[in-house]
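Each remark here refers to the structure printed beneath this line.
The values are calculated or read from the model by the stated rules, or taken from the named source; none is laboratory data. Quantities reported herein were computed from a predicted structural model and do not represent experimental measurements. Virtual Cβ from ideal backbone geometry, glycine too; neighbours counted across all protein chains shown.
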């Protein structure tokens, strides 16, 4: 009753809903039957489900829709060997007109259903499984729904599935596809079912005629699942029109069997899940729509729904596919990629079912579909308020991305960066980049770029485009609750504990160290008050808190640190959602981690993770690996308990053969969540595990060898194994120990050798130089059956501290050899110990305390150094991935931080600047060009490297662009001998400093090329003017006009003519000599002559212009404008005949564009000629007037 009350208080709505579902499922038989307009056939494949059949029949016969008039049951016995046939026949005798019984040899559900379809007789057919049942209104609801939607041409109807939990006799309406029924009954066109998915043929009804007419059948190859999904896809593809309905009140109860044999539970152990299901099921569903324009979205979603479950089941869980061969795994991945090629990117991105997060979508797109997502998300997940760091998480495919974190456009270098590598079916599948970013202060905006594109920023479940104010980030985290409470006795205390049931582990030893070295520190030790260690610690003066007590909970709400050798839920989740957000959890570890525990520990929030050995530290906190924790959280200190262990070993005479195996998770139920106490599974005492160890303990040779050597045989069973000791036949000469009354440290110290299997206690014994024998009789099964971890970096045969044996007799032989050598091991194992353990002193406790205290210290030198190392790594990454612009920024920043670069790094920087400088210059980023080139030159000199010529050129060009004329002159002058552009650039710089003569001399010296741009012509002309060389200036200007004809040519020509006139005046030239100056360019281009004449005309120097044309007239005018110029100059010079001729020609040749009075003007001019008695013109006049 208390449990129900708690559920009601927690969620009244859910409580009432569950109650109604249960009542509806258990209604009394219907007395008044209802007649409807539709009949239904139920085809059920039966195989060894006798214990469920009565419930199946009762739910169908007791339908409110009259059973006798409306329902036909076709039960196909697929070779059952239980009492299924007997039960079916019993019900058939009662309803011989409604129940059809068929028997066949076992061939699977598909063949049984296909046989049953041929014996179905009604319009509508469904495939209810015989271990399930339906509510009393199931078929009445369907019949009513069909009547209400006659005009919709219904072809298929889906029903509401609810789970029936057989073990607890409870109903759960939590199927992922229940969204279809949230808003009641619905109808959709087959051509546009939207996001709706129908996966189960058992919860749907179909037109029997459509099945038969299209020769549809269940595919027996598709096992263990998706047989229904394929059938439904093929059925819908065969319907050219019509609708699909979904009925909320037609409830199908899917039985989750108590023994775990439901299809949903067993399908993952079937190799067809990654074989036939993909090849014939998913691809077959797509193939059904080959004749359609495209695969409907709802079919894509149906397959994607299943794929998401595969990803969630197999990613980072190698034990889940251990039964598959490597060939099957590889084939599975290949098939998944082939399937995903048919699923659209938009379908994946919009998918919202089965717990499909963005990380799953990205993995499917990147690793299975080979397509990047249309956008990226950076998750701002956590903030270290003490060190002013935020945790940003980014998911990518397996190809390394270029990551850039920016604040107001300035690159921010992470203090810590960890790549969490996720695998599926032994392949790299997804990478998670966890970055701890320094974020001091509250101003500016944060942006994250992935491969040059801005990512969306997620904070508190809300997405932000491109940027997010830093102040908003700080505000979000500072407003989190709950915070630590302030109770005087417990304020900012440290709570230490090992297991709740016993101590004598790292937490106890660390407590003793703190109490001895820093008695003022407010520390408490947590332990079950019924523990055998309670009185011992109480006598030693420990400040004890009873686990789970009011005082313990009160202290936990105030504690700044929870420090434990265990990370189970009963330690880290004592307060649940009431755990203070500003509280640290320190994981001391229970033993050296050798296997991959990431599947378990990644679910924990660990702020300080203690390790003992270099390889262990690297495997857990390295820059890449399976664990979420990285260099920020992981510390290499050694275990606190090892300090005392070494002291005890030095003072103790080893006398015991210690046998200490670890446990097997398959033999024990999961913990309750509030304690370490567990419940045994049945028959644990008869397991292979128990049999193997009891057999060793009873071995007479082991007893004989121990007696001869004067040794005790000590058996220390795992805490879980102690519960079955009374059921085991352990001989009297075996000394059985437990945590009660035994110091585990003293036990190790007194051991001559250790016999274990996979336990980390081997590290304890090896560290004090005692031999180890690994008895691994179930080597393969052990790792395949573990749910939380897999093989790690430690290989027992290559790295272990003793022989690995798999047979009982081999254990005896190994023990005999060690005893023969007076407790010494083979010489090969000694170096392994020395190389494995980082610390051989007694300062582990002190290092751990320092690491814990560092959690409360502001970001300091350690983080600065880490940031510098990170910057160096990120610069190299950007270079290797081809983002040279970003790489240049990072290398330059390294140099600005005065960090010494290697020769390779300097060479890289020179290469980058040489490549990128022209790009920066083209973008007019002259300052960057200048700074980068300056640094490059300096670093090249420091490392005795030759500076690339491009860098020197860019440096000089940048100085000019920034108008640093003195520096530009110096840099360009240094390049005169090897750069044809240098003379002009140097001359320009000298000009801007007023050194006109020097600049002019520079351009006129031997070897300098002619100007090759408008600017160079202009510069040379300006220098010529500045030095009084008017003719050279004018020549250069006209040459420029010749080479670069544009809308500026007229003004340039006019300026050139003025310069010629100045030259002529100063040199007292006559008219002919003056004309000769500017008409020399006509030999290159006769159009220039007309341009010069035009300029003179505009300056009202008509006679001079007319003379110019007459002196060098190389061709007749070729355009209306040239003819008009000739006419105008002739008129201005009173040459009426020439003017009349020109106008007459314009009137004839350009009649459509010339003024209408042009010919009249010509005639007037001819008249003037006549009056002047111009004989030539008189002839023209007579011709025109005639």
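Annotations
- Exclusive hit being touching a residue at least 12 places away in the same chain (Cβ under 8 Å) and part of a loop (DSSP other than H, G, I, E, B), set 951, 912, 899: 899
- Evaluating residue 935 against the criteria (1) modelled with pLDDT of 80 or more; (2) more than 19 Å from residue 887 (Cα to Cα) leaves one unmet condition, (2).
- The stretch 623-666: number of residues that are surrounded by fewer than 17 Cβ atoms within 10 Å (Cβ to Cβ) and over 18 Å from residue 505 (Cβ atoms): 9
- Taken over the stretch 490-503, the residue count meeting the criterion of being touching a residue at least 60 places away in the same chain (Cβ under 8 Å), touching a helix residue (DSSP H, G or I) at 6+ places or on another chain (Cβ under 9 Å) and either in a loop (DSSP other than H, G, I, E, B) or surrounded by fewer than 20 Cβ atoms within 10 Å (Cβ to Cβ) (or both) is 7.
- If you go through the stretch 383-431 and keep only what is in contact (Cβ under 8 Å) with a residue 40 or more places away in the chain, surrounded by fewer than 16 Cβ atoms within 10 Å (Cβ to Cβ) and assigned to a loop (DSSP other than H, G, I, E, B), you end up with 385, 386, 400, 426.
- Test result for residue 362, assigned by TED's automatic domain parsing to the domain that holds residue 329 and either touching a residue at least 40 places away in the same chain (Cβ under 8 Å) or touching a strand residue (DSSP E or B) at 6+ places or on another chain (Cβ under 6 Å) (or both): yes
- Selection count where residues are touching a strand residue (DSSP E or B) at 6+ places or on another chain (Cβ under 9 Å) and over 18 Å from residue 657 (Cβ atoms), scope the stretch 723-758: 4
- Single residue of 1129, 1125, 1143, 1113 found to be more than 30 Å from residue 1064 (Cα to Cα) and either surrounded by fewer than 21 Cβ atoms within 10 Å (Cβ to Cβ) or at pLDDT 75 or above (or both): 1143
- Wholly within the stretch 309-365, helices (runs of 4 or more DSSP H) carrying at least 3 residues that are closer than 18 Å to residue 275 by Cβ and in contact with a helix residue (DSSP H, G or I) (Cβ under 6 Å, 6 or more places away or on another chain): 326-340
- Residue in the stretch 739-747 that is more than 28 Å from residue 613 (Cα to Cα), touching a residue at least 60 places away in the same chain (Cβ under 8 Å) and part of a helix (DSSP H, G or I) present: no
- Of the residues screened, residue 774 is not one that is in contact with a helix residue (DSSP H, G or I) (Cβ under 6 Å, 6 or more places away or on another chain), at pLDDT 90 or above, surrounded by fewer than 18 Cβ atoms within 10 Å (Cβ to Cβ) and under 22 Å from residue 593 (Cβ atoms).
- Residue tally, condition at pLDDT below 85 and within 29 Å of residue 646 (Cα to Cα), over the stretch 777-816: 1
- Tally, over the stretch 113-124, of residues that are buried (at least 20 other Cβ atoms within 10 Å of the Cβ) and assigned to a loop (DSSP other than H, G, I, E, B): 1
- Filter result for residue 966 (part of a helix (DSSP H, G or I), without any contact (Cβ under 8 Å) to a residue 40 or more places away in the chain and loosely packed, with under 15 Cβ neighbours inside 10 Å): yes
- Looking across the stretch 504-528 at every residue that is in contact with a strand residue (DSSP E or B) (Cβ under 9 Å, 6 or more places away or on another chain) and more than 19 Å from residue 572 (Cα to Cα), the one that is surrounded by the most Cβ atoms within 10 Å (Cβ to Cβ) is identified as 514.
- Count of residues meeting criterion [in a strand (DSSP E or B) and either buried (at least 22 other Cβ atoms within 10 Å of the Cβ) or outside the structural domain of residue 200 (by TED's automatic domain parsing) (or both)] in the stretch 125-159: 8
- Residue in the stretch 89-111 that is surrounded by fewer than 22 Cβ atoms within 10 Å (Cβ to Cβ), in a loop (DSSP other than H, G, I, E, B) and free of Cβ contacts under 8 Å to residues at least 12 places away in the same chain present: yes
- Residues located in the stretch 699-726, provided they are within 54 Å of the chain's Cα centre (by Cα) and modelled with pLDDT of 85 or more: 713, 714, 715, 716, 717, 718
- Residue pairs meeting the criteria (Cβ under 6 Å; at least 6 apart or on separate chains; first crowded, with 19+ Cβ neighbours inside 10 Å, in the stretch 1012-1041; second outside any helix (DSSP H, G or I)): 1017/1011; 1020/1011
- Evaluation of residue 529 against (1) part of a loop (DSSP other than H, G, I, E, B); (2) under 22 Å from residue 608 (Cα atoms) (one fails), failing number: (2)
- Among the residues making up the stretch 631-648, those that are part of a helix (DSSP H, G or I) and farther than 27 Å from residue 693 by Cα are 640, 641, 642, 643, 644, 646, 647, 648.
- Among residues of the stretch 1067-1110 being outside any helix (DSSP H, G or I) and touching a helix residue (DSSP H, G or I) at 6+ places or on another chain (Cβ under 8 Å), the one that is modelled with the lowest pLDDT is 1084.
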